[in-house]
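See structure below.
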Amino acid sequence: MASGSAGAARQRAARDRSSRVSGSAFDRARMPARAVSPPLEHRMLLTATLCLLAFGAVMVYSASSPRDLVAGQGSGMSYMIRYLMYGAIGLVAMRVLAKRGLALLDRRVVTLLLLGSFALLLLVLVPGIGLEVNDARRWFAAGPIQFQPSELMKFAIVLYVARFLADRPKHVKSFRQAVVPVGLVTGPACLLIVVEPDLGTTLVVAFAVGGLLLASGVPMRHLAVLAGIAIIGVLILALAQPYQRVRLTAFLHPWHSAAGYQSVQGQIAIGSGGLFGVGIGQGVQKAFYLPEAQTDFILAVIGEELGVLGIFGLVCLYAMICWSGLRIARRATSRYAKLLASGLTSLILCQATLNIFVVLGLAPLTGVPLPFISYAPTNLCIMLASVGLLLNISSPRSPRLRAVSEATTTAADRDRRRRRPRRT
């Protein structure tokens with residue numbers, strides 16, 4: 001009797017132990033997986049972008065409010081309110097693309113986006129449809145809302161060229177099979193943008209595509225040939241169009257040409273700011289002398305009010321974006337993601353560099369806005385969408401592991417031992 005009761009007690013203890021192990025394993029299986037923290041480049045890119053966006057809102061208000069008040073156009077906050085409105089739209093696009101960017105922008109969507117951009121560039125040139133401002137027909141307008149199709153085109157070009165080069169890794173060494181097809185798409189797009197005229201956006205597209213070709217492994221001799229063709233084309237257009245010829249002359253002799261007035265006033269503003277600036281809102285050039293202070297030449301306002309240190313801080317934020325974008329491209333898992341990250345980073349940095357060079361007098365006037373800072377609604381949305389795609393590429397993707405119950409494993413091991421033949 002004693003041995004029987006002891007055996008029953010041992011069986012009950014074994015059942016209780018098995019049930020406890022099974023319950024704890026079940027509880028662990030039901031627990032949510034620990035979230036994987038984003039990498040350093042993801043956080044740096046997001047931080048730099050939000051800092052630029054907040055700084056842009058402040059500087060747009062500072063650059064635009066004096067003239068609005070002098071002209072009697074409300075409280076002087078109209079440009080800042082519209083900047084915040086378009087910034088909110090861009091943040092929504094950035095959030096969506098950061099979550100599902102590569103999944104949404106598949107081959108079919110990218111092709112449709114490119115064809116739609118070509119159609120819009122043709123449509124904006126039609127009199128009565130495209131809005132003409134300062135002898136340039138670049139925008140669609142519906143009341144206070146404006147849309148610039150060339151901004152959408154440069155985004156679509158980067159997506160298409162990245163996909164094209166990623167699908168043909170064995171052909172990138174061939175000029176005929178890699179460079180020529182890219183040129184047949186990029187060339188007509190640049191031509192339509194130049195006709196508007198908008199040489200600045202054309203240069204940004206050319207530089208971004210050049211960065212993509214370089215990242216894909218195209219030989220330098222092919223890039224040199226392509227660069228030579230592009231330089232000759234730009235010179236022919238600059239000399240053939242009076243609008244561009246005047247800008248080129250103003251760049252060479254800004255102090256002796258009426259067309260160099262904006263460039264001269266921008267340099268005076270930066271010189272007046274010195275090292276530390278005169279203080280936010282205290283600048284004089286934006287109120288009486290500097291045309292379009294809230295758009296192309298907002299860097300001059302920054303230089304006057306925050307000095308050289310303010311410009312240096314701005315350049316540091318762009319350097320953070322550069323480092324983050326290149327690191328994202330390096331750590332991307334697929335060839336398409338690597339090329340896309342390289343192209344989007346080139347797109348942002350080429351535009352920022354070109355604007356800074358123009359304001360400092362190191363390049364002719366191009367009309368290119370400063371990314372995330374200038375009041376340029378379409379450009380702001382496109383830049384934020386580009387950042388969203390970079391965030392999507394850099395997002396950690398943890399593998400899903402199948403939970404195995406410890407109780408099941410213990411029972412299987414016990415059955416295996418029972419079936420194992422005993423040695424005699």
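The values are calculated or read from the model by the stated rules, or taken from the named source; none is laboratory data. Since the structure is predicted, the reported quantities are computational estimates derived from the model, not experimental observations. Positions of Cβ are backbone-derived with ideal geometry, glycine not excepted, and every protein chain shown enters the neighbour counts.
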Search the stretch 85-97 for residues being over 20 Å from Val158 (Cβ atoms) and surrounded by 17 or more Cβ atoms within 10 Å (Cβ to Cβ), and hand back the single one that is nearest to the chain's Cα centre (by Cα). Leu91
Which numbered condition Val315 misses (of (1) buried (at least 19 other Cβ atoms within 10 Å of the Cβ); (2) of a type in the set (Val, Ile, Thr); (3) at pLDDT 95 or above): (1)
Cross-chain or 6+ apart pairs with Cβ under 8 Å, the stretch 170-183 first and touching a residue at least 12 places away in the same chain (Cβ under 8 Å), then small (Gly, Ala, Ser) and buried (at least 16 other Cβ atoms within 10 Å of the Cβ): Val172/Ala178; Val172/Ser216; Ala178/Ser216
Under the condition of being within 22 Å of Leu347 (Cβ to Cβ) and basic (Lys, Arg), which residue from the stretch 116-171 is farthest from the chain's Cα centre (by Cα)? Arg168
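Quick grid of which residues meet (1) assigned to a helix (DSSP H, G or I); (2) at pLDDT below 85; (3) buried (at least 24 other Cβ atoms within 10 Å of the Cβ):
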site: Gln351; (1), (2), (3): yes, no, yes
site: Phe372; (1), (2), (3): no, no, yes
site: Tyr375; (1), (2), (3): no, no, yes
site: Val387; (1), (2), (3): yes, no, yes
site: Asn392; (1), (2), (3): yes, no, yes
site: Ser398; (1), (2), (3): no, yes, no
site: Ala407; (1), (2), (3): yes, yes, no
site: Thr410; (1), (2), (3): yes, yes, no
site: Arg414; (1), (2), (3): yes, yes, no
Positions within the stretch 100-136 being outside any helix (DSSP H, G or I), closer than 25 Å to Leu390 by Cβ and in contact (Cβ under 8 Å) with a residue 24 or more places away in the chain, in sequence order: Leu105
Within the stretch 237-253, is even one residue basic (Lys, Arg) and more than 27 Å from Gln148 (Cβ to Cβ)? no
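Residues checked against (1) at positive phi; (2) crowded, with 18+ Cβ neighbours inside 10 Å; (3) in contact with a strand residue (DSSP E or B) (Cβ under 8 Å, 6 or more places away or on another chain); (4) modelled with pLDDT of 95 or more:
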position	(1), (2), (3), (4)
Ala63	no, yes, no, no
Ser75	no, no, no, no
Lys99	no, no, no, no
Val109	no, no, no, no
Leu121	no, yes, no, no
Asp135	yes, no, no, no
Ala142	no, no, no, no
Glu151	no, yes, no, no
Lys154	no, yes, no, no
Meets criteria (crowded, with 20+ Cβ neighbours inside 10 Å and among the aliphatic types (A, V, I, L, M)) for Met220: no
Does the stretch 50-64 hold any residues that are closer than 15 Å to Tyr83 by Cβ and not aliphatic (A, V, I, L, M), and which are they? Phe55, Gly56, Tyr61, Ser62, Ser64
Take the stretch 223-245 and flag every residue that is among the hydrophobic types (A, V, I, L, M, F, W, C) and crowded, with 17+ Cβ neighbours inside 10 Å. Leu226, Ala230, Val234, Leu237, Ala238
One residue is enough: does the stretch 227-234 have a residue meeting the conditions touching a residue at least 60 places away in the same chain (Cβ under 8 Å), on the phi < 0 side of the Ramachandran plot and in a helix (DSSP H, G or I)? no
Among the candidates Val185, Val204, Val209, residue that is touching a Cys at 6+ places or on another chain (Cβ under 7 Å), surrounded by 15 or more Cβ atoms within 10 Å (Cβ to Cβ) and part of a helix (DSSP H, G or I): Val204
Checking Ile280 against (1) in contact with a Gly (Cβ under 8 Å, 6 or more places away or on another chain); (2) farther than 28 Å from Leu248 by Cβ, which test does it fail? (1)
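So that you can scan it fast, the table gives a plain yes or no per residue for (1) out of contact with any Lys or Arg (no Cβ under 6 Å at 6 or more places or on another chain); (2) outside any loop (DSSP other than H, G, I, E, B); (3) more than 20 Å from Ile356 (Cα to Cα); (4) of a type in the set (S, T, N, Q):
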| residue | (1), (2), (3), (4) |
| --- | --- |
| Leu237 | yes, yes, yes, no |
| Val264 | yes, yes, no, no |
| Gly271 | yes, yes, no, no |
| Gly277 | yes, no, no, no |
| Gln282 | yes, no, yes, yes |
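Just give me the residues in the stretch 156-174 being hydroxyl-bearing (Ser, Thr, Tyr) and surrounded by fewer than 17 Cβ atoms within 10 Å (Cβ to Cβ), in sequence order.
Ser174
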Here are some residues: Arg221, Arg247. Which one is at pLDDT below 85 and of a type in the set (Lys, Arg)? Arg247
